[in-house]
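Notes follow once the structure below has been shown.
The values are calculated or read from the model by the stated rules, or taken from the named source; none is laboratory data. These numbers were taken from a predicted model, which means no experiment stands behind them. Here Cβ is always computed from backbone atoms with ideal geometry, including for glycine, and neighbour counts include all displayed protein chains. SASA here: full protein model, heavy atoms, side chains in, ligands and nucleic acids out. Shrake-Rupley method; radii C 1.70, N 1.55, O 1.52, S 1.80 Å.
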Amino acid sequence: MNPTENINHDAVLRARVALLGSGTLPVRERVAACRVLVHVSPLAYLPLLAVALFAYSRQEFAHRPAIALALRAESVAAARRMCALEPERSQLLLTALVHYREQLLLAESPEELAVVEAEMAALVASGGGLPGVRWDLSGA
């Protein structure tokens, strides 16, 4: 079985055109395009997806904490996948965890917060990055 049989090539082409097109793409459309393209080229699009999901949670769902929390959890999942593929990209995961932690504080979820903080501490202890690094969303 050919692995490309399950890929919708039209959707991939539309997503690539959307990301490469002129002008600024709304964050909602950027997330949708990255979600499609991550199946075709994970190394290229997982970092973009993680950042776009965070931007989407802030720009579109700041007033809906449950949705923002779910988007940031998806951002962490994308960063974890990227870190599994390329361990030297642990700063991406650490930054995603920092932003997820912020949303967990608002949601008052102490159990999950403790787990996230332990994972962050383990990453920092292993030399996996700096916890103060934040994503610049000025272009998002």
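Quick notes on this structure:
- Among Val76, Val36, Val51, the residue with the largest mean-square fluctuation in a Gaussian network model of the chain, with springs joining Cα atoms closer than 10 Å, is Val36.
- Estimated inter-spin distance, Ala77 and Ala114, nm [label 7 Å along Cα→Cβ]: 2.5
- Within the chain: Cβ-based charge dipole about Cα centre, in debye rounded to nearest 20 (Lys, Arg +1; Asp, Glu -1): 380
- Of Pro26, Pro47, Pro65, the one that fluctuates the most in a GNM where the chain has Cα springs shorter than 10 Å: Pro26
- P(r) histogram, all alpha-carbon pairs of region 73-117 included - 10 Å bins from 0, percent: 31, 50, 18, 1
- Neighbour net charge for Glu29 - beta-carbon separation under 13 angstrom, K R +1, D E -1: +4
- Enclosed volume per residue, in Å³, of the convex hull spanned by Cα atoms of region 63-137: 87
- Largest GNM mean-square fluctuation across Gln103, Gln59, Gln91, computed for the chain with C-alpha springs under 10 Å, falls on Gln59.
- Membrane-span-like helices in the chain (whole DSSP H runs, Cα extent of at least 27 Å along the helix axis, mean Kyte-Doolittle hydropathy of at least -0.5): 65-85.
- In region 1-64, the alpha-carbon atoms span a convex hull of 87 Å³ per residue.
- Counting Lys and Arg as +1 and Asp and Glu as -1 over every other residue whose Cβ lies under 14 Å from the Cβ of Ala15, the net charge comes to +3.
- For region 25-96, the fraction of C-alpha pairs more than 16 angstrom apart is 43%.
- Note on region 2-140: Rg/Rh from Cα positions, Kirkwood definition for Rh, rounded to two decimals, is 0.99.
- Computed accessible area, His63, all protein chains, 1.4 angstrom probe, square angstrom: 140
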